[in-house]
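Shown next, in structure tokens, is the structure this report addresses.
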Amino acid sequence: MQDLHQSNDDVTPILSVVIPCFNEASVLPELRRRLIRACETAVGSDFEIVLVDDGSTDQTRELLCQYHQEDPRIVVVILARNHGHQLALSAGLKVAAGEKIFVLDADLQDPPELLMPMLDRMGEGYDVVYGQRISRAAETTFKKRSSHYFYRILNRIVDINIPKDTGDFRLMSRRVVNILNTMPEGDRFIRGMVSWVGYPQISFPYHRDERFAGETKYSLRKMLSLALDAITSFSTVPLAIATTLGFIFAALAGFFGIYTVAVYFLGYAVEGWATLSVLVLLLGGVQLILLGVQGEYIGRIYMQSKGRPLYVVDNILRATPRDLAASKQDRQTHSSSTDA
């Protein structure tokens, strides 16, 4: 086996499966069993499974290395630390060598058995077949409703169509992934980036299962961060809103100033200091919010200008073509002896 950053040009499988993993030791055995069965049903043995360890602190890394030793079709990408789901997925897409790339999460909420029908849809001439959730088992009402409204608000403020009720569960062609791999932004919202690429895309409705084991890794803070990345990556509408509010409050301040001067010269006592204090506090709060909106964009420009790599890879475990051929021969021999 080869533990180096080997070129993808050596082997070009029909299918690559990319899965980011962060503390998923309790799920991995079942994921491996179901995924290999789904891949063999769909494309035979001509596939690879790219599992990305995103700085796990449980037994995930050890299990992934063990799986690679037992099956050379499993490629393991070990990141130097936790970079987050979107960057871990980006690392896997960069390593994936297949003509078609199947993306799903490790928690088995997105059934790997849907690979075959999704390949059938892609065969109709589509470059992207994305999973669109009809139902979401065992998820809180808050998460369902917030996701529902988020996608509808997002599509009102961006100039591309980002499909509603979707995640990163999808099947993509090589040319789409090649374009994704050239995109340099660090604050990534991959489902939006796929929509931006274009090419023929179609939804694949499905019922999302509950997590097989373990706990969700997407806290409220991470969901809000992803939502903010989505908005700032694909829309400048918040900046336009900030500018509009600035003009509105400037106009109100002007009218209020004229009113104050007028009543002064007319000899009326100026009353309403409590109201004035409330207005000052309101204007101060709005100004701070608008500065925060601008700061989010400026902060992203600042971080992007550093030119740092998106992620740091500690190691890539990938079999050589000779190892893959030997493993394939062993499986064929075992299958023949079993049939006999």
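A short reminder: the numbers here are calculations on the coordinates, not readings from a lab. Because the structure is predicted, anything quoted here is derived from the model rather than measured. Every residue, glycine among them, receives a Cβ derived from its backbone with ideal geometry; neighbour counts consider all protein chains shown.
As a rough footprinting exposure proxy, the listed residues 252, 171 were ranked by other beta carbons within 10 Å of their own, and the order from fewest upward is 252, 171.
Close amide H partners of residue 132, meaning residues 5 or more places away or on another chain with modelled amide H under 5 Å apart, are 204, 206. Note that the stretch 97-114 has calculated 3J(HN,Hα) couplings of 10, x, 6, 10, 10, 9, 10, 8, 8, 7, 7, 6, 6, 9, x, x, 5, 7 Hz, one per residue in order, obtained from phi through the Karplus relation 6.51 cos²θ - 1.76 cosθ + 1.60 (θ = phi - 60°); glycine and proline are x.
Using the Cβ of residue 62 as centre and a radius below 13 Å, the other residues enclosed give a net charge of -3, where K and R count +1 and D and E count -1.
If we count other beta carbons within 10 Å of each Cβ, what is the order of 14, 298, fewest first?
Values: 14 16, 298 11.
Fewest-to-most Cβ neighbours within 10 Å comes out as 298, 14.
Here's how it looks for residue 50: its modeled amide H is under 5 Å from those of 17, 18, 19, 75, which are all 5 or more places away or on a different chain. A cut-off of 5 Å between modelled amide H atoms, ignoring neighbours fewer than 5 places along the same chain, links residue 58 with 23. Protection proxy ranking for 53-59, 15-21, using the average of other Cβ atoms within 10 Å per residue and placing the highest first: 15-21, 53-59.
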